[in-house]
1. Work through the residues other than residue 37 whose Cβ is under 12 Å from its Cβ and net out their charges, Lys, Arg +1 and Asp, Glu -1.
2. In what order, largest first, do 46, 31 sit by accessible area if the probe radius is 1.4 Å?
3. Keeping the other protein chains in place, figure out the carbon and sulfur percent of the accessible area of segment 10-101, with a 1.4 Å probe.
4. Would you mind giving the average projected area, over all directions, of the Cα convex hull of the chain in nm² with one decimal?
5. Among residues other than residue 76 whose Cβ falls under 12 Å from its Cβ, what is the net charge (Lys/Arg +1, Asp/Glu -1)?
6. Output wanted: per-residue J couplings in Hz (rounded whole) for segment 85-94, from phi through Karplus 6.51 cos²θ - 1.76 cosθ + 1.60, θ = phi - 60°, x for Gly and Pro.
7. If 106, 100 are ordered by their accessible area, calculated over protein heavy atoms with a 1.4 Å probe, which sequence runs from highest to lowest?
8. Once Rh is set to the Kirkwood radius over Cα pairs, what Stokes-Einstein translational diffusion coefficient, in µm²/s, holds for segment 39-89 at a temperature of 37 °C and a viscosity of 0.692 mPa s?
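The values are calculated or read from the model by the stated rules, or taken from the named source; none is laboratory data. Fair warning: this is a prediction, and the values are worked out from it, not measured in the lab. Please note: Cβ atoms are built from the backbone with ideal geometry, for glycine as well, and neighbour counts cover all protein chains shown. With ligands, DNA and RNA removed, areas are computed over all heavy atoms of the protein, side chains included. Shrake-Rupley method; radii C 1.70, N 1.55, O 1.52, S 1.80 Å.
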Amino acid sequence: VQLVESVGGLVRPGGSLRLSCAASGRTFEAFAMGWFRQVPGREREFVATISWNGGSTWYADSVLGRSRISRDNAKNTVYLQMDNLKPEDTAVYYCAARYDPSMATDQSQYDSWGQGTQVTISA
């Protein structure tokens, strides 16, 4: 499956941003999706994951309560809504597809990745 993230951008602290990721090439509703992020010099880290039908979600502690992952299988798209953004949320954000219906937090469980989109939180 091919994944293309929306453009991130520059957001002020306390602001909100919604990322989207469009999938093509395979049956989108057959697999779970995830969002990860990476800061230069650090390992890529888990942000959020959602099961094939959106019935189950899981979040990293760092974004819990400030983020919401969702999906629209009719549009082959997964979203990440982030609110009350902090400077430490600055990173390249990646969406990923797991060729399995159940969600996962380990990046090694994912099979396809988007190219990444830069999100910068700064005043």
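1. It works out to a net charge of -3.
2. Correct descending sequence by accessible area is 46, 31.
3. Details: 2130 of 4580 Å².
Carbon-and-sulfur percentage of accessible area, whole number: 46.
4. Quarter of the Cα hull surface area: 6.6 nm².
5. Values: positive: 26, 71, 75; negative: 29, 72.
Around residue 76, the surrounding residues sum to +1.
6. 5, 10, x, 6, 7, 4, 4, 8, 9, 10
7. In descending accessible area the options line up as 106, 100.
8. 270 µm²/s
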